[in-house]
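K.L.:
Below you will find the structure I want to go over with you.
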Amino acid sequence: MKTTLKTGKQHFGTPLPGVGLSDLKGKLIVLEGADGSGRSTQIVMLKDWLENLGYGTVNVGLKRSTLVAEELEAAQQGNILSHTTRSLFYATDFADQFENNIIPALRAGFVVLADRYIYTLMARDIVRGADPAWVKSLYSIALVPDAVFYLRVSPQTLVERNFRKDDMLSYWESGMDIGLSRDMFESFMKYQRLIQAEFRRMEATYGFTVINGNRRPRAIHAELRAKVQEVLTQPK
Amino acid sequence: MNKKHHYPGRLIAVEGLDGSGKSTQVYLLKRWMEMQGMKVFFTEWNSSALVKDATRKGKKRQLLTPTTFSLVHATDFADRFERQILPLLRAGYIVLADRYMYTAFGRDIVRGCDPRWVRNLYSFAVVPDIAFFFDTPLEVSLGRILGGRPQLKYFEAGMDLNLADNEVDSFKIFQGRIYAEYKKMVDTEGFVVMDGMLPVEKQQAMVRKYVEQQIDLPSFRWKGKQ
């Protein structure tokens with residue numbers, strides 16, 4: 001699956017026209033996990049720590065592209081996207097940020113902190129019935145990250161954290177669009193279990209580092225910090 | 001990679017260069033079918049309302065790379081496919097498509113996208129029952145487009161590929177490369193090749209005759225009173 005280049009970064013099988021990977025000096029660090037898994041908190045803490053050490057950092061995430069973020073949000077609100085269209089819309093959003101933010105930042109030697117990456121996108125598509133081979137090829141244009149940390153949190157804890165944050169469960173994070181249950185709580189629990197099962201399947205293929213996200217933020221941060229430190233000291 | 005369908009409807013696609021006359025031909029085919037009281041639906045490349053804003057913005061501000069260009073068009077196609085083409089085929093319509101996935105195969109590959117990746121992108125689409133390719137020599141289709149006083153748009157002219165420093169020259173080279181891709185697909189995709197140099201009405205007579213042979217048209221008439 002991975003295409004090995006002589007040195008440095010690799011993509012997942014499909015080269016992008018006009019995008020060279022040979023001079024990417026920075027590091028791509030990915031945090032994956034559900035809403036309420038503590039991703040954003042950890043990214044803020046990592047960014048502070050890295051900048052304190054003098055590393056330039058850039059944050060990227062889903063639905064933040066100049067090209068389609070607004071349109072994607074509007075379409076989501078209207079709830080009018082069919083599955084393949086939704087997948088491709090997200091892939092467009094990803095590709096736009098990938099080529100215009102991630103690659104240039106890596107070329108300039110920055111540490112790129114990705115608040116979710118292709119794995120969430122793939123898991124969501126596959127849970128919705130997309131052909132795994134299709135999804136895999138779609139995202140084979142992406143760069144293999146230097147490290148992927150998956151914050152695993154039990155669905156029960158996720159529910160509690162989501163309620164504490166928003167007083168309600170998100171329609172999409174509950175997978176309400178796929179009709180698992182008309183009861184939102186039940187749908188949320190089922191959907192999160194499906195997503196976690198998909199992540200478990202991907203873990204073997206992609207080599208994630210699984211982090212126990214049920215703990216206090218400081219404890220998680222200490223573990224992440226030690227692991228990121230290792231990535232930073234790897235030869236370029 | 002793409003599957004044949006077994007739906008009650010029929011799908012007819014037309015392909016060809018800008019200026020090949022394909023849009024005229026598919027329009028006349030549609031008129032003929034409508035006047036015979038058939039269930040017919042017409043869909044056009046790059047026309048989904050949902051994706052239009054993103055595409056327009058990307059094109060206007062030249063934000064698109066070959067990859068995102070490919071992806072926004074695939075998104076547009078998927079939206080039309082999932083919400084119109086597929087349901088209509090299931091409902092027993094004749095669907096006429098002015099450009100289909102082959103347009104993307106040609107353009108995206110000319111733009112340097114990985115052919116296998118592009119093919120996979122569109123692998124959810126069903127193979128048309130008939131795919132007409134309107135073959136006009138490159139100079140002729142160029143002449144039809146450039147003969148007026150053309151306002152070639154940036155991406156339409158392939159300016160993103162740095163083929164030439166003005167739109168007209170770039171357009172010629174770009175169209176030439178797409179034409180070569182179409183020619184390659186004639187056999188691999190089983191295009192029905194139409195001679196785009198014949199008079200419009202002659203071509204249309206041939207198109208109608210071919211469609212009649214391939215599709216049991218009377219069965220697509222509206223039942224009951226209109």
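What follows is calculated from the coordinates using simple rules that are stated; it is not laboratory data. Note that the structure is a prediction, hence the values are computed from the model and not measured. Neighbour counts are summed over all protein chains in view; Cβ atoms, including those assigned to glycine, are modelled from backbone coordinates with ideal geometry.
K.L.:
Which number gives the lysine pairs in the range B:10-212 that have C-alpha atoms under 12 Å apart and are eight or more places apart or on different chains? It would help to have the intermediate numbers written out before the result.
P.N.:
Numbers: B:K30/B:K39; B:K52/B:K60; B:K59/B:K153; B:K60/B:K153.
Lysine pair count for the range B:10-212: 4.
K.L.:
Calculate how many DSSP beta bridges within chain A are antiparallel, expressed in % of all such bridges and rounded to the nearest 5. Write out the running numbers ahead of the final one.
P.N.:
Numbers: 1 of 19 bridges.
Close to 5 percent.
K.L.:
Using a Gaussian network model on chain B with a 10 Å cutoff between Cα atoms, which of B:R99, B:R116, B:R90 fluctuates the most?
P.N.:
B:R116
K.L.:
Can I ask one more? Rank these for me by crowding, B:K223, B:K59, going from fewest to most other beta carbons within 10 Å. Could the numbers behind the result be given before it?
P.N.:
Working: B:K223 8, B:K59 17.
In order of increasing Cβ crowding within 10 Å: B:K223, B:K59.
K.L.:
Using only Cα atoms, tell me the angle between helix B:22-35 and the longest principal axis of chain B; keep it within 0 to 90° and round to the nearest 10.
P.N.:
Roughly 20 degrees, rounded to the nearest 10.
K.L.:
Over the Cα atoms, compute the radius of gyration (one decimal) and Dmax (the largest Cα-Cα distance, rounded to a whole number) for the protein assembly as shown, in Å.
P.N.:
24.9, 79
K.L.:
Provide a whole-number value for the mean count of partner chain Cβ atoms within 10 Å of the Cβ atoms in peptide A:133-139.
P.N.:
Details: counts 2, 4, 1, 1, 8, 5, 0.
Partner-chain Cβ atoms within 10 Å, mean over residues of A:133-139: 3.
K.L.:
Which FRET efficiency value, to the nearest 0.05, is calculated for B:W32 and A:I178 with the Förster distance at 41 angstrom and r the Cβ-Cβ distance?
P.N.:
Working: r = 42 Å, r/R0 = 1.03.
For B:W32 and A:I178, the calculated efficiency is 0.45.
K.L.:
Quantify how strongly other chains surround peptide A:16-25 by giving the mean number of their Cβ atoms within 10 Å of each of its Cβ atoms. Please list the in-between numbers first.
P.N.:
On the way: counts 7, 11, 7, 3, 0, 0, 0, 0, 0, 0.
The per-residue average across the peptide is 3.
K.L.:
Taking 8 Å as the Cα distance limit and 6 or more residues as the minimum spacing, I'd like the relative contact order of chain A as a percentage. Can you show the working numbers first?
P.N.:
On the way: 325 pairs, mean separation 67.9, N = 236.
Contact order relative to length: 29 percent.
K.L.:
Ranked by Cβ crowding within 10 angstrom, fewest neighbours first, how are A:T85, A:T66 ordered? Don't jump to the answer; show the numbers that get you there.
P.N.:
On the way: A:T85 24, A:T66 15.
Lowest to highest Cβ neighbour count: A:T66, A:T85.
K.L.:
A:K27: which lysines have alpha carbons under 21 Å from its alpha carbon, excluding same-chain residues fewer than 8 sequence positions away?
P.N.:
A:K2, A:K6, A:K9, A:K47, A:K227, A:K236
K.L.:
Going by average Cβ neighbours within 10 Å, how do the peptides B:66-79, A:87-100, A:159-172 rank, with the highest at the top? Please list the in-between numbers first.
P.N.:
Working: B:66-79: 26.4, A:87-100: 24.9, A:159-172: 13.6.
The packing order, highest mean first, is B:66-79, A:87-100, A:159-172.
K.L.:
If you don't mind, another one. Placing one identical point scatterer on every Cα of chain B and ignoring solvent, what is log10 I(q)/I(0) from the Debye formula at q = 0.14, 0.18 Å⁻¹?
P.N.:
-0.92, -1.47
K.L.:
When a/c reaches 1.5 or more, the comparison of a/b and b/c decides; with that in mind, is chain A rounded, prolate or oblate per its Cα gyration tensor? Don't skip to the end; give the middle numbers.
P.N.:
On the way: a/c = 1.73, a/b = 1.25, b/c = 1.39.
Since a/c reaches 1.5 but b/c is at least a/b, the shape of chain A is classed as oblate.
K.L.:
On the Cα set of the range B:48-111, report Rg and Dmax in Å, please.
P.N.:
13.2, 41
K.L.:
For B:V168, B:V26, what's the fewest-to-most ordering of other Cβ within 10 Å of each Cβ? Don't skip to the answer; put the middle values down first.
P.N.:
Details: B:V168 13, B:V26 22.
Least crowded to most crowded, the residues run B:V168, B:V26.
K.L.:
OK, next. Work out the length of the dipole vector of the range B:10-212 about its Cα centre, built from +1 on the beta-carbon of each Lys and Arg and -1 on the beta-carbon of each Asp and Glu, and round it to the nearest 20 debye.
P.N.:
Working: 29 positive and 25 negative charges, 96 e Å.
Here the size comes out at about 460 debye.
K.L.:
On to the next question. Determine how many Å³ per residue the convex hull of the Cα atoms of the range B:164-226 encloses.
P.N.:
Values: hull volume 10.4 nm³, N = 63.
Expressed per residue, the convex hull around the Cα atoms of the range B:164-226 is 165 Å³.
K.L.:
Run lengths n ≥ 4 of DSSP H only: what is the helix-derived mean residue ellipticity at 222 nm for chain B, with -39500 (n - 2.57) per run over all residues, to the nearest 500?
P.N.:
On the way: 9 runs with 109 residues, N = 226.
Calculated at 222 nm, the ellipticity per residue is -15000 deg cm²/dmol.
K.L.:
Would any residue of the range A:35-59 have its amide N under 20 Å from a label point 7 Å out along Cα→Cβ of A:Q234? List them or say none.
P.N.:
A:43, A:46-47, A:50-51, A:55-59
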